[in-house]
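Have a look at the structure below, then the notes.
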Amino acid sequence: MDDNVGRGAANAPGRGRRRLRQLIALSVLVGAFVAWWHFPSATTLSLESNAAEVFESASSWELITTAATHKDIPNPGPDDPMPPELFHWREILGRVTVEDAGTRRMLTRAFNRGRRGPHNAHMLCFNPRHAIRAALPGGEQMDLLICFECLNYRVYDGDGVTIEIGSIHDSPAATFNRVYRGLGLEIAPDTRSPGSSGN
C-alpha cells in the first residue's frame, strides 16, 4: 500500500476533529450574534459617550414628550437662558418621573435594538418627540432626545451641549409610544402624513 495513502487515512480522524471544532466555534459565534440581536442589553444604553453611565446610574428617569419643532421665541439672544417651560427650545407636552426598573429595561432594550451607531453627518431633520432625562445626585445630567421621524438621536450634557449624534431605526417607536402613552404622556403627531399617529 502507498505510504502517502496510509498517512492520509491515518490523518483523517485528526482532520475530522479539527473540522468539528471549527463548526462548534462557528456555531457559538452565530449563536452569540443571534442572542445579541434578539436580547440586547437591558441595563446600559448603547451610547458612544459617557452618558451611558449617567443613565445607568441614575435612580430615576424623567420621560418627556415634546412638540416636534422649536418654539418661536421673539428675539432670543445667544446667551439668553432657555425658558423653564421649554425643553431644548421645544414645547413640553408631558413629563413623568419613572423609577420602575422594568420600564427602564424595556426602553433600554428597545433603544439598543434600534440603534444603528454614530452619525457624523449634519442632520437636516431633527424633530424629536421622545426624550429621557437622567440626573445624578452630584448634579451631572444627560438628556437623550430621539426622532423616529428622521431616524436619529442626540445626547446633551447638563449645559445643553450636544455630545453625541447617532442613527436609529424606527422599530423602537412602537415600544416607546406604548410606554409613554401608558404613563399618560401626549405624543405629537407625525408630520410626514396627515392624521398619522405620533412617532
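The values are calculated or read from the model by the stated rules, or taken from the named source; none is laboratory data. A quick note: this is a predicted structure, and the numbers were derived from the prediction, not measured. Neighbour counts are summed over all protein chains in view; Cβ atoms, including those assigned to glycine, are modelled from backbone coordinates with ideal geometry. Side chains are part of the model used for accessible areas, which takes the heavy atoms of the whole protein and leaves out ligands, DNA and RNA. Shrake-Rupley method; radii C 1.70, N 1.55, O 1.52, S 1.80 Å.
Close amide H contacts of Ile168 (hydrogens built in the peptide plane, cut-off under 5 Å, sequence separation of 5 or more or a different chain): Arg116, Asn152, Tyr153.
Each residue, Arg105 and Arg19, gets one label point 7 Å from its Cα in the Cβ direction; the gap between the two is 4.3 nm.
Judged by the mean number of other Cβ atoms found within 10 Å, the most tightly packed of the peptides 103-113, 160-170 leads the ranking 103-113, 160-170.
On the basis of the beta-carbon distance and an R0 of 35 Å, Arg178 and Asp80 show a calculated FRET efficiency of 0.40. In this structure the amide hydrogen of Lys71, modeled in the peptide plane, comes within under 5 Å of the amide hydrogens of Arg90, Glu91, none closer than 5 places in sequence on its chain. Across the accessible surface of the stretch 76-191, with the other protein chains kept in place and a 1.4 Å probe, carbon and sulfur atoms take up 50 percent.
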